[in-house]
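Every number in this text was worked out from the coordinates using simple rules, so none of it is lab data. None of the values given here were measured: they were computed from a predicted structure. Cβ: placed from backbone, ideal geometry, glycine included. Neighbour counts: every protein chain shown.
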């Protein structure tokens, strides 16, 4: 099975110059806690509700702060052509709950979440990866 078979392609993204308040509002209204950050379609990093709380709110940053100042830049990603087992291994071993999927030019084409795994992958190795992810502290 390939990553493209389990990824979600309808993904909300943040722009690096978008304000943290705008991103937080979109997360709240959409009921999600993770957004890839893209310059155009090019993946630059990701921002989570935890990033907003720990790197912005806890430090007293103003609402107009660009999301680029609080996002995580060095993130794991995979391509749509990668084998799903590799994706499961990295998500399980590093406790990654959401993983951006990019094309050959590093343009965002989707995201795989633990919800995608639980719905679309019914094999034993998916269950083991989900257990690993749930046991460890989240990295994103």
The FRET efficiency for residue 103 and residue 8, from their Cβ-Cβ distance with R0 = 22 Å and rounded to 0.05, is 0.90
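Just from its helices, what would the mean residue ellipticity at 222 nm be for the chain, if runs of 4 or more DSSP H residues each count -39500 (n - 2.57) and the sum is divided by every residue, rounded to the nearest 500 deg cm²/dmol? Working shown, then result.
Details: 4 runs with 41 residues, N = 140.
Theoretical 222 nm ellipticity from helices: -8500 deg cm²/dmol.
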If one compares the long axis through the Cα atoms of helix 124-135 with the longest principal axis of the Cα atoms of the chain, the angle in degrees, nearest 10, works out at 30 degrees
In nm, the gap between the two label points placed 7 Å beyond Cα toward Cβ at residue 31 and residue 118 is 1.4 nm
Cβ density ranking, 10 Å radius, fewest first, applied to 4, 73, 98 yields 73, 4, 98
Here, residue 90 and residue 17, labelled 7 Å along Cα→Cβ, have an inter-label distance in nm of 3.0 nm
Sorted largest first, the C-alpha extents of the chain along its principal axes in whole angstrom are 46, 33, 26
Taking Cα atoms, the helix 84-94 axis meets the longest principal axis of the chain at an angle in degrees (rounded to 10) of 50 degrees
Computed over the chain: longest principal axis from alpha-carbon atoms vs helix 20-30 long axis, angle to nearest 10 degrees, is 50 degrees
The rounded separation in angstrom of the Cα centers of segment 100-115 and segment 1-67 is 14 Å
